[in-house]
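The values are calculated or read from the model by the stated rules, or taken from the named source; none is laboratory data. Quantities reported herein were computed from a predicted structural model and do not represent experimental measurements. Positions of Cβ are generated from backbone atoms using ideal geometry, with glycine treated the same way; all protein chains shown enter the neighbour counts. Side chains included, ligands, DNA and RNA excluded: accessible areas come from the protein's heavy atoms. Shrake-Rupley method; radii C 1.70, N 1.55, O 1.52, S 1.80 Å.
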Amino acid sequence: MSFTGKYELQSQENFVPFMKALGLPDEQIEKGKDLKSISEIVQDGNKFKFTVTTGSKVLQNEFTIGEETEMETLTGQKVKTTVHLEGKNKLVADLKGVRSVTEINGDTLTSTLIKGDISYKRISKRI
């Protein structure tokens, strides 16, 4: 299944507790919790380019399935990781204590970030 497309955030769960667990300041969390977010994914075989625009902040990562790469986290840190494809529709990576799972089902993109016992889920729809 192809991940390529633009997706608009429809809902999110546990944003505030997750961002607090990452150590983000309350002011930044408060500003970010209601911002509109657009994710754009370009897939070319096993190569991916993710661009997430939230307000004026743009986070961009590129990777190839199964190859180590450097990625930028939500906190701006650069970490080395390897992204794996599970089945045909799920991308999984471990980013310095945070597990990232991105799954596509039809026109719905579900991104889940897990740190310890806190999960932050984002549900986006293809636009």
For this session: Classify the range 20-84 as rounded, prolate or oblate, taking a ≥ b ≥ c as the square roots of the eigenvalues of its Cα gyration tensor: rounded when a/c is under 1.5, otherwise prolate if a/b is larger than b/c and oblate if not.
Result: oblate
Exercise. Whole-Hz Karplus ³J(HN,Hα) for the range 57-72, in order, using 6.51 cos²θ - 1.76 cosθ + 1.60 and θ = phi - 60°, x for Gly and Pro?
Worked result: 8, 10, 10, 10, 9, 10, 7, 10, 3, x, 10, 5, 8, 9, 10, 9
Problem set entry | the chain - accessible surface per residue (Å², probe 1.4 Å) | 58 Å²
Exercise. Each residue of the range 102-116 in order: what ³J(HN,Hα) in whole Hz does its phi give by Karplus 6.51 cos²θ - 1.76 cosθ + 1.60, θ = phi - 60°, with x for Gly and Pro?
Worked result: 10, 10, 10, 9, x, 9, 10, 10, 10, 10, 10, 10, 10, 10, x
Exercise. Leaving out same-chain residues fewer than 8 places away, which lysines sit with a Cα under 19 Å from that of K80?
Worked result: K47, K49, K96, K115
Exercise. What are the ³J(HN,Hα) values, in whole Hz, obtained from phi via the Karplus relation 6.51 cos²θ - 1.76 cosθ + 1.60 with θ = phi - 60°, for each residue of the range 14-23 in sequence order, with x given for Gly and Pro?
Worked result: 6, 4, 4, x, 5, 5, 5, 5, 6, x
For this session: At most 12 other Cβ atoms within 10 Å and a DSSP loop assignment: could you name the trypsin sites (Lys or Arg not before Pro) in the range 14-44 that fit?
Result: K33, K36
For this session: Pull out the extension gain between D94 and S119, defined as 0.36 nm times the separation in residues minus the alpha carbon to alpha carbon distance; nm, one decimal.
Result: 7.6 nm
Problem set entry | Protein accessible area in the range 39-127, 1.4 Å probe - carbon and sulfur % | 46 percent
For this session: Post the alpha-carbon centroid distance, the range 7-41 to the range 49-84, in whole angstrom.
Result: 16 Å
Problem set entry | Net charge of neighbours whose Cβ lies under 13 Å from the Cβ of N46, counting Lys and Arg as +1 and Asp and Glu as -1 | 0
Seminar exercise, completed: Surrounding charge for T69, neighbours by C-beta under 10 angstrom, Lys/Arg +1, Asp/Glu -1, total -3
Seminar exercise, completed: For the S2, I127 Cβ pair and Förster radius 22 Å, calculated FRET efficiency rounded to 0.05 is 0.90
